[in-house]
Amino acid sequence: ENQANTLFTSFDADEVTFFADLILPIPVPKLFTYRIPRGMADLVKIGARVIVPFGKKNSRVLTAIVARLHNSPPANYQARYVTELLDEYPLVNSYQLELFRWMAEYYMCCVGEVMNVALPSGLKISSQSKVQFNPDFDYPELLTEHEEILLTELKKQPALTYDELSRLAGEGVNIAALIKSLVGKKAVIVFEEIREKYVPKMIRKIRLHPNYEEREQLLVLLQRLEKLPKQQEVVMRYLRHVPVQHNPALNQKGLDKTILNQDDELSQSSLQTLVKNAVFETFEVIQPRFADTSAPQGEIRLTEHQQRAAEQIMARFDQQNIVLFHGITGSGKTEVYIHLIQQALAGGSQVLYLLPEIALTTQIVVRLQRVFGDKMGIYHSKFSDNERVEVWKGVVSGQYQFVVGVRSAVFLPFDNLGLVIVDEEHETSYKQHDPAPRYHARDVALMMAHWQQAKVLLGSATPSLETYYQAKQGRYGLVELHHRFGDATLPNILLIDTKQEKRQKTMKNEFSSALLDALEMNLERKEQSILFQNRRGYSPYMQCEDCDWTAECPNCAVSLTYHQRDAELRCHYCGHKEAVPRLCPTCGSTKVKTIGFGTEKLEDQLQVYFPSSRVLRMDLDTTRAKDAYGQIIREFESGSVDMLVGTQMITKGLDFDNVSLVGIFDADRLIHFPDFRATERSFQMLTQVSGRAGRRAGRQGTVLIQTANPHQSILQKIIQNDYKGLYEEEIQERQDFNYPPFSRLIKLTVRHPDKAISQQAAERLCAELTDALGSTRVLGPEQPLVERIRNQFLFDILIKIEREKVNIKAVKAYIQDRINDILTDKGLRQVSIVIDVDCL
Ligand code: ADP
Ligand code: ZN
Ligand code: ZN
């Protein structure tokens, strides 16, 4: 009845047919069976990508992954044909297919959703992929009427997407099949990767011919050049940069050609002669994406403490697959990682190094690149699709044995992992919130490593309670490092009582006199300061003094944040923006004031108190552009900036020599956040940000925490760097109330534009779950802190399931069934339910 049938009528119906069960990138919990055209049958492999038509009237084109090959046709429908095969070899290996299945089950989502998130979009031909007329086509083949029409259109245009073409072709035309046929006749070209191809920049390098790597030969050469002093000078210059006798490996890496012939013409012509005479040889390498101006570091030398930690980790790995590396801030964990990575690579296995999102753009990568150069792949969300595709393919081809990357790097096609490092393992940004799969990269990495029998090193100065508990139970090894690198000490942390300063009227706006004095002293000493306030914008509220009107988001139940720089009110939940009212919209009063403070306001005030200083701000608003984050870091590093104000972004992994003061605002807001993890989180965040101070030997750093209640026990623990004390107290509470690590949490969020319906659905779901699981395991339904987002009313249900003696699969299946009941209930139309397994 449509094109698909006519196109393939040439196949003999009696012949053996092949079918493929495919993973499609859509949220439907099953595999889809398609038929494989005969010519493709011998070529198609499990894990390869294919293109298929999808939807009513084949209106969509999707890229799918082959999960299974068989020859039993589906019982209740006519399978459609696969239109194109994209890979001769599997793009996704068997570990990954297993991972997709495991994640779908564990995180209660669809395997297609996992695949969709796992593959960089550059590897997915979508409805956006483009089709172009092939200029070499000269009609040697007969075209059908439809093909004729389509081709005429295509000739008029540079390139069209599948979507555009299917609109042109009109309803009832199988556009995918049509294009497939045109591709077969070589009439059109389909772009696999839609955006511009990534073309690496090349650097011209020069190195001594391997003949002269041997000391004897080199001496002979230099002697021979005695009579040609200019050439000799060029060789000597080279040797000063690259001492071959000590390390022929360095010679292989060569030297940037511009370094040798930069200033004088004489050396240029001498160099040319030397190349002609095969004393030097030139070659090209890909320019690394992170510019590195410093000299190659070659070997790193571990300190005694680091060396011991590395040895202990190796020894633990003989007994256990997972080791927690608890090392204080500034202890040089990265150096230890580098050492272990080198060992793993030397042993011939692959290495994955996971880092939280923000840390990756900067300092650590440069340090790693100094050691591993272009052998290291970098997988980052700010990279383009094509760059990510390149890394993916590089892992398949073996070009990259070592990848450093963010959360999604766990999806790369490794098949021989020896070591996985999860740096800052406590970081919440390892958990994906939206869309599904809502996975935790650390936990996924643990699973992948388990299958490939790789070792996992979890590193942190402030481990998550979950991880530390496993270590205490003996399930993970534990190695500790309590010395800062180079005899530096942990900073001195002081609590500033803001209540008292307010009584004494010594506060200036948000600043205590203690903090202002310290900042002033730091300026005089030409040392840098970091100021932390975990709130962006100018102020979080705008209110009328006369009638109490407050600016609220029309779509969400939150106040709008005032952003002074852009003169706007903004919702931090849905992105809604509006102009700042000059008069109160309700009573017309002019007394509209702002309440509370964010990073913008602090930046302004600092500029007022210290007019001759340079202040930079780092938060979501100043780091949207691709390299903005790196630019701020480099500027601060250069020393031309005195103070850096920022949100939690500045707490993570930054390493500056000259920072000796950290000021912390609003610590109480973090501590009293209504969540059972608030104490743990504030300890982690405040310890991490404090750790930015005094990282070099010499002067001890200072941290000032402004609080209304200096006696809180959490603050005392932070001052004393008492992680263990915090752990003991917290773990007891977790046990008493059956929270992780003693239970697993599954959070269900019911959403609907109508509050009553949302509540009704949530209550029913909750009652059904309580019936089956018992009231101690099911909490809610409860409205979250922000009860309406994007015009959806939210109700949360929290399910706690103990870790032992419960069939978690059965429980999940039950939960899923109850959810499906609700989603298919006609009385509850438009209800949606978000499932978050191991919610944070
Ligand atoms: P951590 O991640 O534990 O907070 P880093 O790995 O960032 O600490 O190290 C802190 C600083 O000390 C970095 O600037 C690093 O280059 C330096 N450092 C640490 N160990 C060494 C070493 N063995 N040799 C040279 N520099 C080191
Ligand atoms: Zn008013
Ligand atoms: Zn909003």
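The values are calculated or read from the model by the stated rules, or taken from the named source; none is laboratory data. Predicted model, so just to flag it, every value in this text is computed and none were measured. Virtual Cβ from ideal backbone geometry, glycine too; neighbours counted across all protein chains shown.
Okay, here's what the table says:
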{"item": "Near pairs, Cβ below 6 angstrom, 6+ apart or cross-chain, from the range 419-446 (on the phi > 0 side of the Ramachandran plot) to any residue that is surrounded by 21 or more Cβ atoms within 10 Å (Cβ to Cβ) and not aromatic (Phe, Trp, Tyr)", "result": "Glu424/Ser460"}
{"item": "Count of the range 591-604 residues which are at pLDDT below 95 and either within 16 Å of ligand 3 (Cβ to nearest atom) or of a type in the set (S, T, N, Q) (or both)", "result": "1"}
{"item": "Qualifying position, being in contact with a strand residue (DSSP E or B) (Cβ under 6 Å, 6 or more places away or on another chain) and under 23 Å from Tyr739 (Cα atoms), among Ala449, Ala454, Ala471", "result": "Ala471"}
{"item": "Hits in the range 805-815 (condition: surrounded by 14 or more Cβ atoms within 10 Å (Cβ to Cβ) and either touching a residue at least 12 places away in the same chain (Cβ under 8 Å) or more than 28 Å from Pro741 (Cβ to Cβ) (or both))", "result": "Ile808, Val811, Lys812, Tyr814, Ile815"}
{"item": "Filter result (modelled with pLDDT under 90, of a type in the set (Lys, Arg) and assigned to a strand (DSSP E or B)) within the range 17-72", "result": "Arg60"}
{"item": "Selection count, the range 110-133, where residues are under 15 Å from Phe54 (Cβ atoms), aliphatic (A, V, I, L, M) and modelled with pLDDT of 85 or more", "result": "1"}
{"item": "Total residues in the range 572-604, condition more than 16 Å from ligand 2 (Cβ to nearest atom) and of a type outside the set (Phe, Trp, Tyr)", "result": "15"}
{"item": "Subset of the range 518-551 (residues that are within 16 Å of ligand 1 (Cβ to nearest atom) and touching a His at 6+ places or on another chain (Cβ under 6 Å))", "result": "none"}
{"item": "Unmet requirement for Pro554, which otherwise passes all of (1) within 38 Å of the chain's Cα centre (by Cα); (2) closer than 29 Å to Arg695 by Cβ; (3) away from ligand 1 (no atom under 16 Å from the Cβ); (4) not charged (D, E, K, R)", "result": "(2)"}
{"item": "Contacts under 6 angstrom Cβ, first residue in the range 551-576 being at negative phi, partner among the basic types (Lys, Arg) and within 11 Å of ligand 3 (Cβ to nearest atom), 6 or more apart", "result": "Asn555/Arg790; Cys556/Arg788; Ala557/Arg788; Thr561/Arg570; His563/Arg570; Glu568/Lys577; Arg570/Lys577; Cys574/Arg790"}
{"item": "Test set (1) more than 16 Å from ligand 3 (Cβ to nearest atom); (2) assigned to a strand (DSSP E or B); (3) surrounded by 14 or more Cβ atoms within 10 Å (Cβ to Cβ) - Tyr562 fails condition number", "result": "(1)"}
{"item": "Test set (1) away from ligand 2 (no atom under 16 Å from the Cβ); (2) over 30 Å from Arg695 (Cβ atoms); (3) hydrophobic (A, V, I, L, M, F, W, C) - Leu569 fails condition number", "result": "(1)"}
{"item": "The range 358-402: number of residues that are farther than 20 Å from Asn116 by Cα, over 13 Å from the mean Cα position of the chain (by Cα), surrounded by 18 or more Cβ atoms within 10 Å (Cβ to Cβ) and among the hydrophobic types (A, V, I, L, M, F, W, C)", "result": "7"}
{"item": "All positions within the range 567-585 that are more than 14 Å from ligand 3 (Cβ to nearest atom) and either surrounded by 13 or more Cβ atoms within 10 Å (Cβ to Cβ) or under 25 Å from Lys755 (Cβ atoms) (or both)", "result": "Val580, Pro581, Cys584, Pro585"}
{"item": "Qualifying positions in the range 538-566 - in contact with a Cys (Cβ under 6 Å, 6 or more places away or on another chain) and more than 16 Å from ligand 2 (Cβ to nearest atom)", "result": "Cys553, Asn555, Cys556"}
{"item": "Within the range 217-263, helices (runs of 4 or more DSSP H) holding 1 or more residues that are closer than 19 Å to Phe283 by Cα and touching a residue at least 60 places away in the same chain (Cβ under 8 Å)", "result": "248-253"}
{"item": "Members of the range 314-361 found to be in contact with a Phe, Trp or Tyr (Cβ under 8 Å, 6 or more places away or on another chain) and away from ligand 1 (no atom under 16 Å from the Cβ), listed by number", "result": "Gln320, Ile322, Leu345, Gln350, Val351, Leu352"}
{"item": "Answer residue from the range 649-692, given it is of a type in the set (Ser, Thr, Tyr) and touching a Ser or Thr at 6+ places or on another chain (Cβ under 7 Å) and is farthest from ligand 2 (Cβ to nearest atom) among those", "result": "Ser660"}
{"item": "Which listed residue, of Ala628, Ala667, is surrounded by 23 or more Cβ atoms within 10 Å (Cβ to Cβ) and either on the phi < 0 side of the Ramachandran plot or over 30 Å from the mean Cα position of the chain (by Cα) (or both)", "result": "Ala667"}
{"item": "Members of the range 272-306 that are away from ligand 1 (no atom under 16 Å from the Cβ) and at pLDDT below 65", "result": "Gln287, Pro288, Arg289, Ala291"}
{"item": "Members of the range 414-435 that are surrounded by fewer than 21 Cβ atoms within 10 Å (Cβ to Cβ) and outside any strand (DSSP E or B)", "result": "Asp415, Asn416, Thr428, Ser429, Gln432, His433, Asp434, Pro435"}
{"item": "Gly774 being among the small types (Gly, Ala, Ser) and either touching a residue at least 40 places away in the same chain (Cβ under 8 Å) or farther than 29 Å from Val811 by Cβ (or both)", "result": "no"}
{"item": "Answer from Val404, Val422, Val410 - the residue that is more than 16 Å from ligand 1 (Cβ to nearest atom) and in contact with a Leu (Cβ under 8 Å, 6 or more places away or on another chain)", "result": "Val410"}
{"item": "Odd one out for Glu480 among (1) surrounded by 23 or more Cβ atoms within 10 Å (Cβ to Cβ); (2) within 16 Å of ligand 1 (Cβ to nearest atom)", "result": "(1)"}
{"item": "Elements of type strands (runs of 3 or more DSSP E) contained in the range 492-556, each with 1 or more residues being within 16 Å of ligand 3 (Cβ to nearest atom) and among the aromatic types (Phe, Trp, Tyr)", "result": "541-544"}
{"item": "Sole exception among (1) assigned to a loop (DSSP other than H, G, I, E, B); (2) surrounded by 17 or more Cβ atoms within 10 Å (Cβ to Cβ) for Tyr89, by number", "result": "(2)"}
{"item": "Selection within the range 497-521 - crowded, with 21+ Cβ neighbours inside 10 Å and within 19 Å of Arg692 (Cα to Cα)", "result": "Leu515, Ala518, Leu519"}
{"item": "The range 584-599 residues that are without any contact (Cβ under 8 Å) to a residue 12 or more places away in the chain, paired with ones that are away from ligand 1 (no atom under 16 Å from the Cβ) and of a type in the set (A, V, I, L, M) (beta carbon under 7 Å, 6 or more apart)", "result": "Thr590/Leu583"}
